[in-house]
1. Please verify whether the stretch 137-147 includes one or more residues that are outside any helix (DSSP H, G or I), under 15 Å from A66 (Cβ atoms) and at pLDDT 95 or above.
2. Going through F167, F197, F186 one at a time, which residue ends up being within 20 Å of I256 (Cα to Cα), among the aromatic types (F, W, Y) and in contact (Cβ under 8 Å) with a residue 12 or more places away in the chain?
3. How many of the residues making up the stretch 203-228 are outside any loop (DSSP other than H, G, I, E, B), aliphatic (A, V, I, L, M) and within 22 Å of A57 (Cβ to Cβ)?
4. From the list P211, P274, which one is modelled with pLDDT under 95 and either of a type in the set (A, V, I, L, M, F, W, C) or within 19 Å of the chain's Cα centre (by Cα) (or both)?
5. State which residue pairs qualify: first residue polar (S, T, N, Q) and inside the stretch 103-120, second residue part of a loop (DSSP other than H, G, I, E, B) and surrounded by 18 or more Cβ atoms within 10 Å (Cβ to Cβ) in any location, beta carbons under 7 Å apart, and separation of 6 or more residues or different chains.
6. Restrict the check to the stretch 159-172 and report whether at least one residue is part of a helix (DSSP H, G or I), among the hydrophobic types (A, V, I, L, M, F, W, C), buried (at least 17 other Cβ atoms within 10 Å of the Cβ) and out of contact with any helix residue (DSSP H, G or I) (no Cβ under 8 Å at 6 or more places or on another chain).
7. With (1) within 30 Å of T5 (Cβ to Cβ); (2) assigned to a loop (DSSP other than H, G, I, E, B); (3) more than 19 Å from the chain's Cα centre (by Cα) as the list, and Q200 as the residue in question, which single condition is left unmet?
8. Given (1) free of Cβ contacts under 8 Å to residues at least 40 places away in the same chain; (2) within 19 Å of the chain's Cα centre (by Cα), where does F309 come up short, assuming only one miss?
Amino acid sequence: MPLPTEPIGSIPRPKYLLDGNFDDALVDRALAETIERLAGTGSPVLTDGEQSKPSFATYPLTGFDALAPDGAVIPFADGHTRQLPRLTGGPFRYGTYAVSYLATARSLTSLPVKQPVIAPSALSLLYPADGIDGYPQETFLADLADEAEKDIRQCLDAGASSVQLDFTEGRLSLKLDPSGGVLRQFIELNNTVLDRFSAQERARIGVHTCPGGDQDSVHSLDIDYAELLPQLFSLRAGSFYLQLASEPDPERVLRIVREHSRDDQRIFVGVTDPIDPTIETPEQVRDRVLLAADHIPVERLGTCDDCGFSPFADDTSTSRETAFAKIEARVRGTELAAERLGV
């Protein structure tokens, strides 16, 4: 496809998988069905739909035991919350690496497969504010950077078409700390990891940002994108996947992107809104792409969904049918835009 288009990650899990408590045989069935249906939308790049992940954020903690349940709480606009675990001791090590998901997905298709991973900045929230005796925060962050590098590098080495760092906490950080200090710490930590990769490797690494998306609600859409984007583009990654379809004034956002993004950064604009139950038409997607092309050079432009459709495994607010229909509209609408743009 002349204009690249990619999914962000999660697809709602089938009911039989949730009811069956993620039995291995049911996971295998759901993975195969998800890969087949994603390919059937015409998507040129696939993911595993995160079918076997407990959540987009906490998969590395599966198999790691030094945790308590009473960690940081993330409030959403509709009043529900998600809570992270709290680290109780070190050294910190991933219990599960994303390459295990990638290997399974690649065994089921000959199409390119991208692999989402959690950004180290999100996992930095595991460390408690009152510290851990014998395991200072500086040591934890060094261990975390090593583990995040390993998570990304394994996926690149195993043939991922790209590796996407999920950075939903970027916009949220400005709600927690309007001064921007926490955001700067997040950027610094993520760049500490990104700087360990060559320019050629970073060209295959992207960053996804959105205001959260869980149970048809968000955690930080009320934070002005203009406060995040200038710093976001200081991340030393090759691609950026930006939530845009759900923005009230997407053209304003595009002007900020044009001003602050670099010539070596590809911009994937969100053209479908997973939280909106209305399925976009290909023509709506086309028009959103054409608007983006007024601000971003076509050779640097791509499309994506605003965010994953079910970032937490128990989120059933969007049906699988709706998710696949929206993805198909994105693919077809991107094709229509490419035809109009002559690329």
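1. Looking through the stretch 137-147, none of the residues is outside any helix (DSSP H, G or I), under 15 Å from A66 (Cβ atoms) and at pLDDT 95 or above.
2. F167
3. The total comes to 3.
4. P211
5. Partner pairs satisfying both residue conditions: T104/D48; Q115/A98; Q115/A160.
6. Yes, the conditions are met somewhere in the stretch 159-172.
7. Single failed check for Q200: (2).
8. Every condition holds for F309 apart from (1).
The values are calculated or read from the model by the stated rules, or taken from the named source; none is laboratory data. Here the structure is a predicted model, which is why all the values come from computation and not from measurement. Positions of Cβ are backbone-derived with ideal geometry, glycine not excepted, and every protein chain shown enters the neighbour counts.
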